[in-house]
Amino acid sequence: MTIRDVVELLKAEVICGEEFLDNEIKSACGCDMMSDVLAFVKTQPMLLTGLVNPQVIRTALMMDMKCVAFVRNKKPDEKVIGLAKEHEIVLLSSPYRMYDACGVLYTSGLRGEGACE
Amino acid sequence: MSQSNSILWSFDVDGKNFDSAGFASQSTKFKLRQLGLNGDIIKRVAIAMYEGEINMVIHAEGGVANVEVDEDKIIITLTDTGKGIADIEQAMREGFSTATEEIRDLGFGAGMGLPNMKKNSDELIIDSAVGKGTKVTMIFAI
Ligand SMILES: Nc1ncnc2c1ncn2[C@@H]1O[C@H](COP(=O)(O)OP(=O)(O)OP(=O)(O)O)[C@@H](O)[C@H]1O
Ligand SMILES: [Mg+2]
């Protein structure tokens, strides 16, 4: 699906990266531990998280991710938004809680990477 | 210094600023892209260096991050003057962490960083002295 589809499904507000909404997203992951994102994620281009500090954006950047969706209506500060813009990472803010946000996307066909080894 | 045609970058890592941690890795990723290296090695270097840089800030008091790009390898050297690692074997174990609750709330401290640095690099060398500091060297074959 496209990031635009994600926005609709998550009833999300687009914080930045409006120009990239037609980009395709093939899988996603939901996580609040950046350590685990760095260690376990392989190629998922999208992260759902409840954290809003700058390391979320840097983690996404190192992992070549294209989109970060904050759950529970969370929004990062201007500095964090600036960092995301600089690296062309789309930021979304969704009213759903983590479990529901992941569930909505999963049942609409956006899967993860299955069990770890 | 190795060959004369190698490229060197050096970054100061501020140990007191969690928000700026990762800047050296972010800059390195950008510069490696400009050099036209392949995406897989850039991602491995970026992940491993970022884990190491975060460690310099959350477990030590910052220091210096050096990047050397040679014809056939990339060498990342992270040197801090922090408290050092008493038992390196234990520190290398998945899940071992001395991070505080505060650090965990920021999304780190799962004890996955060092194992992940080993996984992503071709060689990981840790040199540490308690009370003096830690030097982490990672080598990536190009
Ligand atoms: N530069 C360092 N200086 C002092 N101690 C360190 C340093 N790097 C790592 N350590 C010690 O080794 C332990 C394991 O490090 P590792 O990076 O694997 O996990 P972590 O940083 O605690 O959590 P994570 O990396 O998953 O966020 C740390 O908890 C810390 O005790
Ligand atoms: Mg670590």
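Structural remarks
- Longest to shortest principal axis, alpha-carbon extents of segment B:16-135, angstrom: 39, 26, 24
- The simple Förster model, with R0 at 35 Å and r as the Cβ-Cβ distance, assigns B:Arg104 and A:Asp64 a FRET efficiency of 0.90.
- Summarising the amide proton neighbourhood of A:Gly112: residues at separation of 5 or more, or on other chains, whose placed amide H is nearer than 5 Å comprise A:Ala28.
- Counting only other chain Cβ atoms within 10 Å of each residue's Cβ, the peptide B:37-44 averages 1.
- For the protein assembly as shown, the per residue solvent-accessible surface stands at 48 Å², with DNA, RNA and ligands left out and a 1.4 Å probe.
- Total formal charge among the other residues, if their Cβ is under 12 angstrom from that of A:Pro95, Lys/Arg +1 and Asp/Glu -1: +3
- Candidate membrane-span-like segments in chain B, meaning DSSP H helices with Cα atoms spread over at least 27 Å of their own axis and a Kyte-Doolittle mean of 0.0 or above, are B:39-58, with no membrane implied.
- Ellipticity at 222 nm from helices only: DSSP H runs of n ≥ 4 in the protein assembly as shown, each -39500 (n - 2.57), divided by the residue count, give -10000 deg cm²/dmol.
- Label zone (B:Glu61, point 7 Å along Cα-to-C-beta; backbone nitrogen cut-off 12 Å) within segment B:116-142: B:131-133.
- Here the contact order of segment A:61-117, divided by its residue count and restricted to Cα pairs under 8 Å and six or more residues apart, works out to 37 percent.
- Remark: relative contact order (segment B:17-142) = 28 percent; criterion is Cα-Cα distance under 8 angstrom and separation of 6 or more residues.
- Label zone at B:Lys73 (point 7 Å along Cα-to-Cβ), backbone N below 20 Å, segment B:90-125: B:115-125
- For A:Ile15, the amide hydrogen comes within under 5 Å of the amide hydrogens of A:Leu91, A:Leu92, A:Ser93, counting only partners 5 or more places away or on other chains and with H modelled in the peptide plane.
- For the pair B and A, the buried accessible area comes to roughly 1900 Å² in total, with a 1.4 Å probe and the value rounded to the nearest 100.
- Solvent-accessible area, 1.4 Å probe, carbon plus sulfur percent, for segment B:3-141: 50 percent
- A simple spin-label model places pseudo-atoms 7 Å from Cα toward Cβ; at B:Asp87 and A:Thr43 they are separated by 4.0 nm.
- Residues in segment A:33-63 that, when all protein chains are in place, have 50 Å² or more less accessible area than the chain alone would give (probe 1.4 Å): A:Met33, A:Ser35, A:Leu38, A:Ala39, A:Gln55, A:Arg58, A:Met62
- Rounded accessible area of B:Ser20 (nearest 10 Å², 1.4 Å probe): 40 Å²
- Using Cβ point charges alone (K and R +1, D and E -1), the dipole size of segment B:3-141 about the Cα centre works out to roughly 180 debye.
- Efficiency of FRET from Cβ geometry, B:Asn38 and B:Val130, R₀ 45 Å, rounded to 0.05: 0.70
- Contact order for segment A:3-107, expressed relative to its length and based on alpha carbon pairs under 8 Å spaced 6+ residues apart, stands at 33 percent.
- Cα centroid separation, segment A:25-74 to segment B:91-142 (Å): 20 Å
- With a threshold of 23 Å on the Cα-Cα distance, the over-threshold entries among A:Lys66/B:Lys29; B:Lys31/B:Lys73; A:Lys66/B:Lys73; B:Lys16/B:Lys73; A:Lys66/B:Lys118; B:Lys29/B:Lys132 are A:Lys66/B:Lys73; B:Lys16/B:Lys73; A:Lys66/B:Lys118; B:Lys29/B:Lys132.
The values are calculated or read from the model by the stated rules, or taken from the named source; none is laboratory data. This is a predicted model, so every value here is computed, not measured. Virtual Cβ from ideal backbone geometry, glycine too; neighbours counted across all protein chains shown. These accessible areas exclude ligands, DNA and RNA; they are computed on the full protein's heavy atoms, side chains included. Shrake-Rupley method; radii C 1.70, N 1.55, O 1.52, S 1.80 Å.
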